[in-house]
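Worksheet: one structure, shown below.
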Amino acid sequence: MNRKNFERQVAEALDALPSWIAGKMGNLAVVVEDRPSRSKCRELGVDYREGLLGLYEGRSLLEREPGAMEGPSRIVLYRQMIETEARDRLTLPRVIRETLAHEIAHHVGMTEEQIEEALDEKDRVRRGAV
């Protein structure tokens, strides 16, 4: 998929966010890059071949001082990695939404462990195991 169409799908995912989430996204930029650099993957301990679907850069809402002026945080979505993960055009919107949700969770202050726990809980509820 070309970059313009991918960015349109990202915009659609952002537009579909519930208002209570969208309201927490002030001073947050969402950008698309083709893929993470090798140095960024090394820095984060991620295998470059498997790559990184997205990245949150900045201080979470929980870490910010009330009323303090801060530069914008940003979410980077890596187009080629997301497209590879999706494997086809039908699953691409879902992978974009899931990656965006994961990075927004970091923005609001969730750790990787908390995100994984929430996803596990969601999966248990969906299977009726709770």
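The values are calculated or read from the model by the stated rules, or taken from the named source; none is laboratory data. None of the values given here were measured: they were computed from a predicted structure. Heads up, the Cβs are rebuilt from the backbone with ideal geometry, glycines too, and the neighbour counts pull from every protein chain shown. Please note that ligands, DNA and RNA were not included when accessible areas were found on the heavy atoms of the full protein model with its side chains. Shrake-Rupley method; radii C 1.70, N 1.55, O 1.52, S 1.80 Å.
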TODO: Quote the charge dipole size of the chain about the Cα centre in Debye, to the nearest 20; the model charges only the Cβ of Lys and Arg (+1) and of Asp and Glu (-1).
DONE: 480 debye
Task: Spacing of the two label points (7 Å from each Cα toward its C-beta) at Asn27 and Glu57, in nm - done: 1.8 nm
Open item on the list: Could you compute the net charge surrounding Pro18? Neighbours are other residues with a C-beta less than 14 Å from the C-beta of Pro18; K and R count +1, D and E count -1.
Closed with: +1
Open item on the list: Taking 25 Å as R0, compute the FRET efficiency from the Cβ-Cβ separation of Glu117 and Arg87 and round it to 0.05.
Closed with: 0.40
TODO: Compute the accessible area per residue over the chain, keeping the other protein chains in place, probe 1.4 Å, unit Å².
DONE: 66 Å²
Open item on the list: Tell me the carbon and sulfur percent of the accessible area for the chain, rounded to whole percent, probe radius 1.4 Å.
Closed with: 51 percent
Open item on the list: In Å, what Kirkwood hydrodynamic radius results for segment 38-96 from the alpha-carbon pair distances?
Closed with: 13.5 Å
Open item on the list: Loop by DSSP (not H, G, I, E, B), at most 15 other beta-carbon atoms within 10 Å: where is the longest site-free stretch of the chain for GluC sites (Glu not before Pro)?
Closed with: 71-130
Open item on the list: Using only DSSP helix segments of four residues or longer, with each worth -39500 (n - 2.57), what per-residue ellipticity at 222 nm results for the chain after dividing by its residue count and rounding to 500?
Closed with: -15000 deg cm²/dmol
